[in-house]
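What follows draws every value from the coordinates through simple rules; no lab data is involved. Here the structure is a predicted model, which means the values were calculated and not measured. Cβ sites come from the backbone with ideal geometry, for glycine too, and all protein chains shown count toward neighbours.
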Amino acid sequence: MKRFSALTSVSAALLIALALPMLSAQAQTSAYQVVDRTRATTDVVQVQVAPGRATSISFSQTDEKITYILLADASRLVYSTDADLETGRAKTVFLRVIQPLHFPGATTTPVTNLVVQTVDSTGQNRLYTFDIVHSSNPRYVGVQVSSTI
């Protein structure tokens with residue numbers, strides 16, 4: 001009987017070991033989309049979001065802090081930051097898809113935009129515009145704005 005239970009334990013462990021790589025491969029998404037700061041301030045950058053996943057827009061590769069955020073259509077998306085904007089330390093915006101809400105009088109769109117204003121250590125303000133695209137299979141986990149590409 002001991003031999004049977006040991007064999008069962010080994011078989012279960014082997015099945016788990018074989019199944020884990022397949023499970024993790026299905027859940028993996030490419031790393032961050034890195035965007036040059038100059039391009040990000042002159043072009044609209046597309047950001048893919050998916051239900052059940054948080055997507056980040058990070059300015060941690062720059063000396064910029066986030067000072068203002070405007071989400072044009074808040075009916076299907078919410079955002080938060082890594083620090084309160086009032087502290088002057090926010091460097092990352094986190095986006096999450098929500099069930100659609102209905103706001104009387106508000107307009108909605110399948111592709112909305114997110115506007116982020118930042119300030120750097122010299123006091124220079126920059127304005128970034130991101131198109132938010134809903135996707136069931138995003139190509140990356142977030143966007144990193146970089147000053148050194």
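A few comments on the model shown:
- Options 43, 63; residue that is out of contact with any strand residue (DSSP E or B) (no Cβ under 6 Å at 6 or more places or on another chain) and within 27 Å of residue 108 (Cβ to Cβ): 43
- Positions within the range 65-114 being surrounded by 15 or more Cβ atoms within 10 Å (Cβ to Cβ) and over 20 Å from residue 47 (Cβ atoms), in sequence order: none
- Contact map, the range 106-126: residues that are free of Cβ contacts under 8 Å to residues at least 24 places away in the same chain paired with residues that are among the hydrophobic types (A, V, I, L, M, F, W, C), Cβ distance under 8 Å, separation 6+ or inter-chain. Pairs shown: 111/132; 111/133.
- Residues being within 12 Å of the chain's Cα centre (by Cα) and either aliphatic (A, V, I, L, M) or surrounded by fewer than 18 Cβ atoms within 10 Å (Cβ to Cβ) (or both) - total across the range 138-149: 4
- Residue within the range 115-137 that is small (Gly, Ala, Ser) and surrounded by 13 or more Cβ atoms within 10 Å (Cβ to Cβ) present: yes
- All of 112, 81, 87, 108 fail the test of being of a type in the set (S, T, N, Q), closer than 26 Å to residue 36 by Cβ and more than 14 Å from the chain's Cα centre (by Cα), apart from 112.
- Candidates 90, 74, 50, 83, filtered to the one that is farther than 20 Å from residue 147 by Cα and touching a strand residue (DSSP E or B) at 6+ places or on another chain (Cβ under 7 Å): 50
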